[in-house]
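Structure first, then comments.
The values are calculated or read from the model by the stated rules, or taken from the named source; none is laboratory data. Predicted model, so just to flag it, every value in this text is computed and none were measured. Here Cβ is always computed from backbone atoms with ideal geometry, including for glycine, and neighbour counts include all displayed protein chains.
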Amino acid sequence: MKVNLKRINKAFHYEASTEEKVTVNIDANSTIGGEGKGTRPMELLLMGVAGCASIDLGLILKKQKQELTDYNVEVTAERNDNVAKNFKSINLHFILYGNLDDSKVERAIELTLTKYCSVALSLDKEIEITSTYEIK
């Protein structure tokens, strides 16, 4: 796996690209000179957790033969009050639609966050990762 990051302007606007040429614009917070031209790095990390967990959860539910018709995840996080302002906690609120067995969804989320989601498992163990869900 390899990504490339190039500077776009003299402020904090960057463009990251994958080996497959998929690009993402990255920018800093406006309080330090960002111009709103991209996603901030800490937001990207939350998107990464959500994306990874969503892929794994979808695969597990499919193996469980659950009828997932739609899906959304809302991620909220709290940051520490230190120099780095790293994450203190992250909560993933899964909103699932379909004819789903509550106990299977609960087990699938547990497996996703404790065994399969490589992004969540790559984060510092001091970050409290929690989840909630609702089935509609």
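Residues that are closer than 28 Å to ALA16 by Cα and over 19 Å from the mean Cα position of the chain (by Cα) number at least 3 in none of the strands (runs of 3 or more DSSP E) confined to segment 30-136.
For segment 9-42, the candidate set comprises residues that are of a type in the set (A, V, I, L, M) and either touching a helix residue (DSSP H, G or I) at 6+ places or on another chain (Cβ under 7 Å) or surrounded by fewer than 16 Cβ atoms within 10 Å (Cβ to Cβ) (or both); within that set, the residue that is farthest from ILE90 (Cα to Cα) is ALA11.
All of (1) touching a Ser or Thr at 6+ places or on another chain (Cβ under 8 Å); (2) outside the structural domain of GLU78 (by TED's automatic domain parsing) hold for ALA53 with one exception: (2).
Could you pull out the residue among LEU46, LEU61 that is of a type outside the set (Phe, Trp, Tyr), under 30 Å from LYS104 (Cα atoms) and in contact with a Leu (Cβ under 6 Å, 6 or more places away or on another chain)? Even if it seems obvious, please write down each step before you answer.
On the way: LEU46 fails: in contact with a Leu (Cβ under 6 Å, 6 or more places away or on another chain).
Only one candidate qualifies: LEU61.
Do we have LYS2 as loosely packed, with under 14 Cβ neighbours inside 10 Å and among the basic types (Lys, Arg) here? So LYS2 fits the description; yes.
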